[in-house]
Amino acid sequence: MNDRQKKIRNFCIIAHIDHGKSTLADRLIEKTGTVSKREMSEQLLDSMDIERERGITIKLTPTRMFYNYKGEEYTLNLIDTPGHVDFTYEVSRSLAACEGAILIVDASQGVEAQTIANTYLALDNNLEILPVLNKIDLPSANIEKCKKEIEDIIGLPADDIPCISAKDGINIDDVLNQIVEKIPCPKGDINSSLKALIFDSFYDNFKGAICFVRIFDGTVKVGSQIMMMKTGKTYEVTEVGVFCPAMKQTDILSSGDVGYICASIKNLSDTKVGDTITDALNPTKEALAGYKEVQSVVFSGIFPVDGAKYGELKDALEKLKLNDASLVFMPETSIALGFGFRCGFLGLLHMEIITERLEREFNLDIITTAPSVSYHVYKTNGEMLEVSNPSMLPPISEIDRIEEPMIKLNVYTPPEYVGAIMDLCQDKRGVFIDMQYIEKTRVVMKYHMPLAEMIYDFFDNLKSRTRGYASLDYEIYGFMPSDLVKLDIMLNGEICDALSLITHKDKAYARGRQIAEKLKKVIPRQLFEVPIQACVGGKIIARETVSAMRKDVLAKCYGGDISRKRKLLEKQKAGKKRMRQFGSVELPSEAFISILKTDDND
Amino acid sequence: MTMTSKMIYVHIPFCDSKCYYCNFCSSIYSEKIKKNYFLKLTEEIKLNKNKNINISSIYIGGGTPSSVDEKYIKTIIEELYKNFNILKNAEITIEANPCSINKNKLLCYKNCGINRISFGVQSLNNKCLKIIGRKNTKKQAINAIKLARKCEFNNINADVLIGIPNQNYLILKNTIKNLIKLKIPHISCYMLINEKGTKLTDLIENKKIKVVNEDKSVEYYNKIFKYLKMHTYCRYEISNFAKDNFECKHNIGYWQLKEYYGFGLSAHSFIDGSRYSNTSIMQEYLNNKLEYKKEKPSKTQQIEEMIMLELRTVYGVDVKQLKNLGYDIVKEKKEEIDFLVKNKFIFLKDNHIKICEDKFGVTNQIILKLLP
């Protein structure tokens, strides 16, 4: 191995959400002088507005730093990772590009659900794990207790753990030193043919699709002929470079490096994240392991408020898809909403973020239907259908049974909330499996629960019942038959497909009533009475009525000034534009959103 | 060449006191400003002089035209006669407040050719009058109307408000009943609107008085409609009820897109297809050169205005006229029209789309369905 490669360290930072990952990343960048103090903006690597506002990291953002260790300069490549449970997939992507991981534990919170989950991911990828205790400046920090947790729960030695405050910049050098000392340098042969892993990609209007890569073997430079191993397509490289953290062009990328490749790649789908890039003229025999195909667990219909914007919505989804391989979508038609897409997400947060990005970054007004899971529907003729859109459910007479996805749920909580959580889980059709004291002040409760219950207001409920102290992680473990029914909403006697839901039989009544009440609040009065009915299998279980509108303003036309009348008319016209015509009923887009979440005051 | 006649509106922005619900262009001004205002108004009328134009109606509104010295009114009317060709049978209306009217004023009006008086009665219930800040009592209003009759004004209108806080149907009906007894041939019923920035809205926001529920207002309106119909008042426009031949020509003119001059502060004109407006700031009006803000409605706006305005009347909107403007409503809105006809919101008669008698309350919603 050459000397250059010996002085490279590729690592990521993993942590539970809020434990200070992005802050530490910023300190490392600052300490190594990669970005001057003047250029530092709060949480440098979270470049999306949504990321900064919510204080979360969604995208992977790599950056290259230089650190002087015992008189020698080392290159440190950091790949920032998301912390939320929804983005486990993205974490695993960055892990595959690294040799080591810094595991941050909040000294005041201790080991949390995502700390453990991410540690396991890192171990699966054979990474060297460096635990770090953060937020030691907080009065509630308990260093000894946290060290013990790290040893007991995670099983890592904790005696020389750096105790830092990323916020105040305390002991950051300890972290940098340990990165050099403990994380192995990248292996790989600079002289064999190119082998680069695409761990992310990005669409640039001028340069086309840009691949974020980790070079394992060989080199790549401008003019190199490269090939995508999955598609077999070849390209000529137009630019290579590194992240500092802005993209900076370099002459060459060699084994061990983290950087980017541009090759005038026009088609977004040709830069499959997880694919291996190799030399087109001298291809490597074996591709890198790549990633597990990601599974969508939450599905929802997305429609443009203005039906004419279907094309724009499609373009926007395609652009998002390039940076977010976990987003899946296919065209869908709804009687109520027209043309749109059924989209698959990693979880509810992911769904929220995608819809928010569509609205903000692409300036689209969209309607999102209630999230659903994917059911396995076994028909009496033996056929099995995967149904993620409630309106696609076959008639009851053709259904033998429906199976729903089940999760193994771990809830971590202080013991005083155990009762409240048990109530909640029971209410959500959870089956209690086990409960363990991790230590005196921390319990892990294990449940088996239908995923559908999890995606419907479980998280909000858990947070409010435990004042935010509980955290959770979950994984899907299989499908189980269940007594599920389709709940339809009829407006003026017609089923509104976009409002249909699949729900457990025992809950249909309550939800039907709740939705009918909600709709009554959001549907404006129309020229005639609009009955809202919730029904299951043709049987009406709840009914509300929006009474007919009768009032219009009868104002005087003072001195021939019709501008007031015009203004009113324009206002009413604008309001009408945001309405969806369903049969003879006009529905505001809020009608579709309002059924997604429960109000606490209901 | 015979030209279709036009109308004239004159705005008198003066009041003795401001009513709590009012957000129109009116205020309490000094005598000096009043004097200057009428000078400027005269100047404006002269500026638009055109003896070839036939005028079929004049409307002197406000504000409270009856609050100013009658000599001003006389000057203005005379000035209009000098500068335009006022038709012999022209309808000439003045708005009056029961508080500020007296015999001298009425006789003066009569002498200079005014033949119609519109009283801002609003209510004949003392409590209701007080709540909305009207200064007169029920008795004063009745006396004013009687006085007008004595002075040989037969064409009288009374404005009535629906939805005054504390007003119940009985109170409202009593007001109407009294007006019928007084043989008033024209009644306008408006709904009280809480406009931003008015004292009434303040009072409501501070929970000093309670607003009348919308459904109740409509219920009252529909009942009043039936009550007036029983007494042979015809509703020729959403808010206007009249005995045969007492329909207000000027009012109908607005709804049927007849052209008009508007003189005075914040007055609007509609001339040769364009809409003009005057400043609504008194200082600007008095001191600056007269300058009108002009706006020419686009084809679509013309169509929209025609539907919006004409549908408010019993005469309805002329399908052929819309077609002339390039909007084949019967073809382009077939689905909507079928739906509205089927559900008895509108009907088609003699090439006109008209709103069904009991559906005037939702005119705006119907209009929205019919716009291009």
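The values are calculated or read from the model by the stated rules, or taken from the named source; none is laboratory data. These numbers come from a predicted model, not from an experiment. Cβ coordinates were reconstructed from backbone atoms using ideal geometry, including for glycine residues, and neighbour counts include every protein chain displayed.
A few remarks follow.
- Condition check for residue A:472: farther than 19 Å from residue A:401 by Cα, modelled with pLDDT under 90 and under 31 Å from the mean Cα position of the chain (by Cα): yes
- Residue within the range B:314-333 that is within 12 Å of chain A (Cβ to nearest Cβ) and part of a strand (DSSP E or B) present: no
- Filtered residue count, the range B:82-94, keeping only those that are more than 14 Å from residue B:43 (Cα to Cα) and surrounded by fewer than 20 Cβ atoms within 10 Å (Cβ to Cβ): 4
- Candidates are the residues of the range A:152-170 that are free of Cβ contacts under 8 Å to residues at least 24 places away in the same chain and more than 30 Å from the chain's Cα centre (by Cα); the one that is surrounded by the fewest Cβ atoms within 10 Å (Cβ to Cβ) is A:159.
Quick grid of which residues meet (1) in the same structural domain as residue B:159 (by TED's automatic domain parsing); (2) under 20 Å from residue B:264 (Cβ atoms); (3) assigned to a strand (DSSP E or B):
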{"site": "B:73", "(1), (2), (3)": "yes, yes, no"}
{"site": "B:77", "(1), (2), (3)": "yes, yes, no"}
{"site": "B:82", "(1), (2), (3)": "yes, yes, no"}
{"site": "B:88", "(1), (2), (3)": "yes, no, yes"}
{"site": "B:110", "(1), (2), (3)": "yes, no, no"}
{"site": "B:113", "(1), (2), (3)": "yes, yes, no"}
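- Residues located in the range A:63-74, provided they are surrounded by fewer than 19 Cβ atoms within 10 Å (Cβ to Cβ) and more than 14 Å from residue A:27 (Cα to Cα): A:68, A:69, A:70, A:71, A:72, A:73
- In the range A:172-206, of all residues being in contact with a Phe, Trp or Tyr (Cβ under 9 Å, 6 or more places away or on another chain) and small (Gly, Ala, Ser), the one that is nearest to residue A:73 (Cα to Cα) corresponds to A:188.
- In summary, residue B:216 fulfils each of the numbered conditions (1) surrounded by fewer than 19 Cβ atoms within 10 Å (Cβ to Cβ); (2) more than 10 Å from chain A (Cβ to nearest Cβ); (3) farther than 30 Å from residue B:286 by Cβ with the single exception of condition (2).
- Set side by side, the residues B:252, B:307 differ, and just one is of a type in the set (A, V, I, L, M), under 27 Å from residue B:114 (Cα atoms) and in a helix (DSSP H, G or I), which is B:252.
- Elements of type helices (runs of 4 or more DSSP H) contained in the range B:136-214, each with 1 or more residues being in contact with an Asp or Glu (Cβ under 7 Å, 6 or more places away or on another chain): B:199-205
- Failed item, numbered, when residue B:203 is tested on (1) modelled with pLDDT of 90 or more; (2) buried (at least 19 other Cβ atoms within 10 Å of the Cβ); (3) over 23 Å from residue B:116 (Cα atoms): (1)
- Taken together, B:318, B:350 contain a single residue that is loosely packed, with under 13 Cβ neighbours inside 10 Å and either at pLDDT 90 or above or of a type outside the set (A, V, I, L, M) (or both), which is B:350.
- Residue in the range B:26-39 that is in a strand (DSSP E or B), at pLDDT 95 or above and of a type outside the set (Ser, Thr, Tyr) present: no
- Every pair of residues 6+ apart whose Cβ atoms lie under 6 Å, when the first sits in the range A:556-570 and is at the interface with another protein chain (Cβ under 7 Å from one of its Cβ atoms) while the second is assigned to a helix (DSSP H, G or I) and at pLDDT 80 or above: A:557/B:254; A:560/B:254; A:569/B:308
- Residue in the range B:36-49 that is of a type outside the set (Ser, Thr, Tyr), out of contact with any Phe, Trp or Tyr (no Cβ under 6 Å at 6 or more places or on another chain) and free of Cβ contacts under 8 Å to residues at least 12 places away in the same chain present: yes
Matching residues to (1) at negative phi; (2) at pLDDT below 90; (3) charged (D, E, K, R):
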site	(1), (2), (3)
A:56	yes, yes, no
A:87	yes, yes, no
A:102	yes, no, no
A:123	yes, yes, no
A:127	yes, yes, no
A:135	no, no, yes
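- Residue tally, condition surrounded by 19 or more Cβ atoms within 10 Å (Cβ to Cβ) and either touching a strand residue (DSSP E or B) at 6+ places or on another chain (Cβ under 8 Å) or over 27 Å from residue B:198 (Cβ atoms) (or both), over the range B:130-151: 6
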